Amino acid sequence: MIELSNGGAYLVNGSELVMDHADALQEVKAKTGKTVTKQEAAEETMAYGILKSHNTSGSMKKLKIRFDKLTSHDITFVGIIQTARASGLEKFPMPYVLTNCHNSLCAVGGTINEDDHMFGLTCAKKYGGVYVPPHQAVIHQYAREMLAGAGKMILGSDSHTRYGALGTMAMGEGGPELVKQLLNQTYDINMPGVVAVYLTGEPVKGVGPQDVALAIIGAVFGNGYVKNKVMEFVGPGVASLSADFRIGIDVMTTETTCLSSIWKTDEKVKEWYDIHGRSEDYAVLEPAQVAYYDGVITVDLGKIRPMIAMPFHPSNTYTIEELKANLMDILDDVEKRAAVSLDGAVDFTLKNKVKNGQFMVDQGIIAGCAGGGFENICAAADILKGSYIGSDGFTLSVYPASMPVYMELIRNGKAADIMETGAVMKTAFCGPCFGAGDTPANNAFSIRHSTRNFPNREGSKLQNGQISSVALMDARSIAATAANKGVLTAATEFDGEIGTYKYHFDSNIYANRVFDSKGVADPSVEIQFGPNIKDWPKMGELPENLVLKVVSEIHDPVTTTDELIPSGETSSYRSNPLGLAEFALSRKDPEYVGRAKEVKVLEEARMEGKNPEETSAELKAVMDTVRKNFPQAGAENTGVGSTIFAVKPGDGSAREQAASCQKVLGGWANIANEYATKRYRSNLINWGMLPFLIEEGDLPFKKLDYLFIPDVKKAVIEKADVIKAYKVNSESGDMTAFDLRLGELTDEEREIILKGCLINYNRV
């Protein structure tokens, strides 16, 4: 089904693989008549060509990328624009689309969400952007329909910014990276590796894009095969997939931890652009006659079967057939995973969902940028037609990804087919993907064609004893399960017809409702602020030395951004830095905020010119111990802050608030064995936090310990490979040395850390 190569490979004539071995180049020459080097062939991938055309550094090893377009949604654009305004923003220098698909319900937090929307509309007018009102489209569907272009690059402040199936290299990053683009700065990365996803065959009936995506994720997430690399989709199997099908696979590449994705284009992609009235944005993209890849993921599409990603991660994958055949064993494994993910906060089991040997589901959701596409919903309608979901507890909700998709489903009758079954059609909304829509009952089990199934993604509140869980499946198998009244069923068991339907895009829907400045700014427009929209608090520069209190310690194999700052109802506070920070680690470590605040008070006193040791006996004892070895350390040159340790933090969302909440609570650093994603590490850096690394093994410190890092400012300036730190034991008077590393940092990133944050770096 899925095979991973042990090394690199050459793709010859766009269709044939030659694995890298001692005589590989001779074999390539025999097939093509061309003499090439590995480096020359590596420069012939689609990814290399697109990156080269957007690089401003002059070096293809150290890239400085300028994107063509930007996009954000309503739980990120307020903070981004506020940061840019604090740094001197006068006009959006490139097309910037503000969509409203996360906080669109306006049902939580009083006036907060609609206040944020009006902020976005007035900023689009003032600075020359595009504003997409609530319920019109989810962020990524609008980008596909209206922004994508073959050979272009788009940066979005949502992690699932992926438009590779349309020939657009897109990346999801934290808000500060968009701020840099708005300020005419660059996105700085080393040239990434490129991994071929070599597709063969064609899917069998009942298998959808989510099935293919989950199979790939299950094969590569745990081993880091594509981490921070570009996935390039090639091979003869691409031609067997419609544009919609490719899009459904592509959007899920985020869950592999890759940097970005790109697909070769063809007549099916050209038809997509033609249908959407943007024929000029199509171009042929394909690797050169000989292209070298750092690895190969071979996918036999014909062998993929309906998949399910069990709680609590998209990589926890099985075929539905495998799950049903080994039901109790797999559910036992899920319980063991839950014990780690949920920290034993609630009793969790799915074994009570087994009735007469059948696995019963409580809820189905087909939604968002992954599930809400036209073909997914048409296929679900065909499977559901003539059935009904029943009048018991099982429910089914379907969210088309955009109003144009919804309109076409109405016109071709598929919306009626779905609603006839007892299912509910809803408007474009991302809520079911992050815990703000269709929250099921306590202990319920939901199957969703959406992007993630982390803990709390369906609305659980562990601190209140509320738990439910999500598995990811394709819309087709969700429909088959719904037609079977909640009995878990693979779509391959459906013996009826699944049709192919022509899509007609109605551009008037957007033309009549979306505000598009056409890039013309109007400085006379006054920005509309709501009472929850607050400026970022003042942040100080990096001091010469640091005293850090370890205020949280997380030993889960991976820590998600949902655990660092929860999604769901907290999203309403994303425009209020201090208000949102009250929720930081609230589901993982409820005492974190209080501990961090206690330390923050000491640093605030220091910044006001006071000696914090005079108000904290604990700190005085620590500093007395420090001064035995470092007599020069004092309030004038030693900052006081907090830090957390996590094994591998930052999987999941691009949300910058996972880092900024720590910063506004007085955080100066994270300490980790590894960072799960580039985007989380970048968020730390852009908020002036030190992204420390420590070798795996026995930690030299524990929660509530104090650490002293002398000459940390000097170490950053001088690009020290190793930074010496000390655990301070004020009771014994001992200081235990250990090593930290910062990893590679650009000169700009070092300057941002030294200044204390990106705002300080850019402040005018």
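No lab work stands behind these numbers, since they all come straight from the coordinates. Nothing here was measured: the structure is a model prediction, and the numbers come from that model. Don't worry about glycine lacking a Cβ; one is built from the backbone with ideal geometry, like all the others, and counts go over all protein chains shown.
Under 4 °C and 1.567 mPa s, how fast does the stretch 368-461 diffuse according to Stokes-Einstein, given a Kirkwood radius computed over C-alpha pairs? Answer in µm²/s, whole number. Numbers along the way, then the final one.
Values: Rh = 13.7 Å.
The estimated diffusion coefficient comes to 94 µm²/s.
Distances between every pair of Cα atoms in the stretch 67-185, grouped in 10 Å steps from 0 to the bin holding the largest one, split as 15, 49, 31, 5, 0 percent.
For the stretch 618-707, state which GluC sites (Glu not before Pro) are in a DSSP loop and have at most 13 other beta carbons lying within 10 Å of their beta carbon.
The qualifying sites are 636, 695, 696.
Only counting other Cβ atoms within 10 Å, I'd like 663, 336 sorted with the fewest neighbours first. Let's see the in-between values first.
Values: 663 25, 336 9.
Placing the least packed residue first, the sequence is 336, 663.
The stretch between residue 13 and residue 333 holds 110.8 nm of extra length on full extension. This uses 0.36 nm per residue minus the Cα-Cα distance. With a cut-off of 14 Å between beta carbons, the residues surrounding residue 732 carry a summed charge of -2, where Lys and Arg count +1 and Asp and Glu -1.
Applying the Kirkwood pairwise sum to the alpha-carbon positions of the stretch 321-499 produces a hydrodynamic radius of 16.4 angstrom.
Using only the C-alpha atoms, the convex hull of the chain corresponds to 160 Å³ per residue.
Neighbour counting of Cβ atoms within 10 Å sorts the residues 759, 262, fewest neighbours leading, into 759, 262. Partners of residue 64 within straight-line reach, counting lysines whose Cα lies under 25 Å from its Cα and excluding those fewer than 8 residues away in the same chain: 38, 52, 91, 152, 180, 227, 229, 264, 678, 719, 755. Counting only aspartates and glutamates at least 8 places from residue 126 when in the same chain, those with an alpha carbon closer than 19 Å to its own are 74, 90, 114, 115, 116, 516, 522, 526, 535.
Summing Lys, Arg as +1 and Asp, Glu as -1, what charge do residues with Cβ under 15 Å from the Cβ of residue 146 carry, residue 146 excluded? All intermediate terms of the calculation are to be shown ahead of the outcome.
Details: positive: 69, 144, 152, 278, 513, 518; negative: 68, 145, 274, 280, 281, 506, 516.
Charge balance near residue 146 sits at -1.
Between residue 343 and residue 90, the FRET efficiency from the beta-carbon distance, with R0 = 51 Å, is close to 0.60. Taking a straight Cα-Cα cut-off under 22 Å and skipping sequence neighbours fewer than 8 places away in the same chain, the lysines within cross-link reach of residue 351 are 324, 336, 461, 485.
Between the stretch 595-643 and the stretch 228-288, the alpha-carbon centres lie 54 Å apart. Legend: calculated FRET efficiency, residue 271 to residue 520, from the Cβ-Cβ distance at R0 = 41 Å, rounded to 0.05, equals 0.80.
Express the relative contact order of the chain as a whole percentage, based on alpha carbon pairs under 8 Å and six or more residues apart in sequence. Over the chain, the number comes to 14 percent.
Taking Cβ atoms as reference points and 10 Å as the exclusive limit, the residues near residue 1 contribute a net charge of 0, counting Lys and Arg as +1 and Asp and Glu as -1.
In this label model, residue 722 and residue 61 are separated by 2.5 nm, measuring between points 7 Å along each Cα→Cβ vector.
Once every Cα of the stretch 545-762 carries one equal point scatterer and solvent is ignored, give the base-10 log of I(q)/I(0) from the Debye formula at q = 0.09, 0.10, 0.14, 0.18 Å⁻¹, two decimals. Values returned for q = 0.09, 0.10, 0.14, 0.18 Å⁻¹ are -0.32, -0.40, -0.82, -1.41. Taking amide hydrogens as placed 1.01 Å from N in the peptide plane, the amide H of residue 359 sits under 5 Å from those of 488, each at least 5 positions away in sequence or on another chain. In this simple spin-label model, placing a label point 7 Å from the Cα along the Cα-to-Cβ direction at both residue 303 and residue 35 gives a separation of 3.9 nm.
Counting pairs of alpha carbon atoms under 8 Å apart in space and at least six apart in sequence, what relative contact order in percent does the stretch 230-362 give?
On the way: 99 pairs, mean separation 20.0, N = 133.
Answer for the stretch 230-362 is 15 percent.
Figure the gain on full extension for residue 535 and residue 744 (residue separation times 0.36 nm, minus the Cα-Cα span) and round it to one decimal in nm. Write out the running numbers ahead of the final one.
On the way: separation 209, 0.36 × 209 = 75.24 nm, distance 3.10 nm.
Length gained between residue 535 and residue 744: 72.1 nm.
Note on the chain: antiparallel DSSP beta bridges, both residues inside, total approximately 40 percent of the bridges counted. Over all Cα atoms in the stretch 457-539, the spread is summed up by Rg and Dmax: 23.8, 63 Å.
If you average 1/r over all unlike Cα pairs in the stretch 167-216 and invert the result, what Kirkwood radius do you get in angstrom?
On the way: mean 1/r = 0.0675 Å⁻¹.
One over the average 1/r among Cα pairs gives 14.8 Å for the stretch 167-216.
Please state the relative contact order of the stretch 545-762 as a whole percent: Cα pairs under 8 Å, 6+ residues apart?
Details: 420 pairs, mean separation 54.9, N = 218.
Averaging sequence separation for qualifying contacts and normalising by length gives 25 percent for the stretch 545-762.
Paramagnetic label reach from residue 751 (point 7 Å along Cα→Cβ; backbone nitrogen cut-off under 13 Å): within the stretch 179-207, residues 185-186.
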